[in-house]
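For reference, the structure is listed below as structure tokens.
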Amino acid sequence: MPVRSLPEALYSADQTRELDRLAGEAGLSGEELMERAGRAAFDVLLSRWPDVSRPAVLCGGGNNGGDGYVVARLAREAGLEPVIHHLRDPERMKGDALTMARRARDAGVPMRPLSVDDLPFDAPLLVDGLLGTGISGALRDDIRALIEALDRLGKPVLALDVPSGLNADTGAPAGAVLSADCTITFIGVNRGLLTGAGPVHSGELLFDDLGVDRPVYQHIDRPVWRPTPARLRHWLPPRRRDAHKGHFGHVLVVGGDHGFAGAPLMTAQAAARCGAGLVSLATRPEHAPAVLARQPEIMVRGVDGAESLRPLLEKASVVAVGPGLGAGPWGRVLLEEVLESGLPLVIDADGLNLLVEMDADARDNWILTPHPGEAGRLLGSDGASVQADRFAALESLAARYGGTVLLKGLGTLVRGDGGTALISDGNPGMATGGTGDVLAGVVAAWLAQLLDAEAACGLGVFLHGLAGDLAAAEQGEVGLIASDLVNHLGPAVLALHDPSESDESPTLRRQRLRAAGP
């Protein structure tokens with residue numbers, strides 16, 4: 001059966017095609033790989049939909065369609081009554097796909113053309129082998145209309161490699177997507193399945209390497225990295241018995257203009273909950289009493305401008321600036337002073353918007369944490385353009401601003417000198433005001449402790465998502481608030497320390513956490 005724990009490496013469509021070629025050079029023929037892929041998919045069909053007897057197998061004209069022909073033949077041989085609905089006359093297929101089409105025909109599988117005028121209305125399940133990973137750009141109008149019509153059928157869907165219409169590189173729809181309940185992908189996991197709209201349309205994501213030997217993968221340079229608990233745990237060594245607060249850094253949070261005291265407070269609380277030795281907060285003077293009443297462990301100081309901020313910067317090791325900072329003169333003066341300090345920085349929220357106005361120069365020692373809208377402003381575009389290709393936007397941000405860039409969203413991306421990481425943890429309940437402020441504090445705390453920006457981002461995003469999943473497991477996603485994440489950061493760190501924390505997919509972990517809830 002395909003494994004549910006995804007590998008660490010994620011690939012572009014071109015890279016997965018190269019893996020196919022390299023697997024062939026290593027002795028696995030295309031025909032054998034196609035047979036194995038079809039078998040793996042058929043095993044999923046039997047285990048996930050054991051009562052389905054008449055699946056409709058949708059086959060395109062390429063290798064993805066070839067996999068579909070194998071599934072249909074195996075279903076026929078197992079006593080099921082599959083029907084193949086093809087986009088291209090099977091005899092016009094090429095190579096291994098043609099071989100599989102002929103085997104399915106010889107096995108007696110019924111075949112019929114697929115069109116908007118001839119849809120599988122009566123099928124209890126669709127096996128999607130239509131388009132695969134090869135699409136680029138927008139779909140043709142007729143293909144888009146067909147996929148929209150298939151999606152409107154509301155049938156359960158098992159997708160092969162990638163849901164038809166989803167760009168495997170970017171995770172963006174190419175005009176329409178046949179949303180899957182389950183997607184099984186082979187040899188290499190395409191990065192677009194885990195970011196942007198990819199997780200929305202892929203459903204449960206399964207993986208089978210089809211027996212490709214490990215050395216084959218070593219020929220692919222710098223794939224996207226998916227941090228796993230086992231890898232992240234190495235950044236959490238046990239604290240020494242003689243440790244003191246000076247060993248774990250001093251995070252200074254700067255923000256909280258009039259009416260926005262809560263944002264920097266949550267940032268400071270998150271930094272404290274993630275182990276920073278000391279946490280200070282520089283904010284409007286009138287906010288200080290409320291902050292002290294809410295969280296006495298935070299050293300809060302009222303600041304009116306650069307002169308009163310300067311002594312606090314002299315004591316800090318890391319600065320998180322931006323939450324609730326505002327766009328007015330007060331926030332701008334404080335940000336300018338922070339930039340002058342030369343300290344390692346985490347810049348979020350209003351701090352990012354002010355960077356655009358200031359046309360700031362690139363630097364190496366900051367972490368920028370934009371959501372797609374902020375990323376669009378940083379690049380002079382908009383959020384929709386960012387979401388259309390999150391990887392390209394990430395590269396542009398890194399080239400323009402330097403340092404480490406953390407692009408938030410479903411399938412958060414981190415780009416630094418070590419390459420690109422993708423972290424797909426968390427849940428929709430976290431789509432509420434303040435969770436980004438919490439993340440800024442989490443990342444700042446780990447930057448203060450680890451002194452490694454990419455490690456701080458990878459660990460921070462993972463723990464932030466895990467805290468959200470723990471909170472949702474207790475109380476559900478609807479009504480989750482940012483403070484709930486703060487309260488679950490300690491348990492999240494504890495869970496990551498536990499070597500039994502597996503590398504299972506985020507979807508399966510959320511299901512397990514819910515099942516173990518009260």
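The values are calculated or read from the model by the stated rules, or taken from the named source; none is laboratory data. No experiment lies behind these values; they were computed from the predicted model shown. Note that each Cβ is placed from the backbone with ideal geometry, even for glycine, and that neighbours are counted across all protein chains shown. To get the accessible areas, we keep the full protein, side chains included, count just its heavy atoms, and leave off ligands, DNA and RNA. Shrake-Rupley method; radii C 1.70, N 1.55, O 1.52, S 1.80 Å.
Points worth noting:
- Protein accessible area in the chain, 1.4 Å probe - carbon and sulfur %: 50 percent
- For the pair ALA138 and ASP118, a Förster radius of 25 Å applied to the C-beta separation gives a FRET efficiency near 0.55, rounded to the nearest 0.05.
- Label-point separation in nm, ALA293 to HIS247, each point 7 Å along Cα→Cβ: 3.7 nm
- Residues of the chain: accessible area per residue with a 1.4 Å probe, Å²: 40 Å²
- Residues whose amide H comes within less than 5 Å of that of VAL300, counting only those at least five positions distant or on another chain, are LEU281 (H built at 1.01 Å from N in the peptide plane).
- Once the Cβ-Cβ distance of SER381 and LEU236 is raised to the sixth power relative to R0 = 25 Å, the FRET efficiency obtained is 0.10.
- Each Cα pair under 8 Å and six or more residues apart adds its sequence gap; the mean of these over the residue count of the chain is a relative contact order of 13 percent.
- Using a simple spin-label model with pseudo-atoms 7 Å out from Cα toward Cβ, SER47 and HIS219 lie 3.0 nm apart.
- Candidate cross-link partners of LYS155 among the lysines, defined by an alpha-carbon separation under 26 Å and a same-chain spacing of 8 or more, are absent.
- Ratio of Rg to Rh for the chain: 1.04 [Cα atoms; Kirkwood radius as inverse mean 1/r over pairs].
- Of the residues ALA393, GLY277, PRO264, the one whose Cα sits farthest towards the positive end of the charge dipole of the range 258-402 is GLY277 (charges of +1 on Lys and Arg Cβ, -1 on Asp and Glu Cβ, taken about the Cα centre).
- Across the range 220-230, computed HN-Hα scalar couplings (Karplus, 6.51 cos²θ - 1.76 cosθ + 1.60, θ = phi - 60°) run 9, 8, 6, x, 5, 9, 10, x, 10, x, 4 Hz from first to last residue, x flagging Gly and Pro.
- Long-range amide H partners of LEU343 with built H, under 5 Å: none
- Taking the average, over residues, of other Cβ atoms within 10 Å as the packing measure, peptides 462-471, 65-74, 477-486, 214-223 rank 65-74, 462-471, 477-486, 214-223 from highest down.
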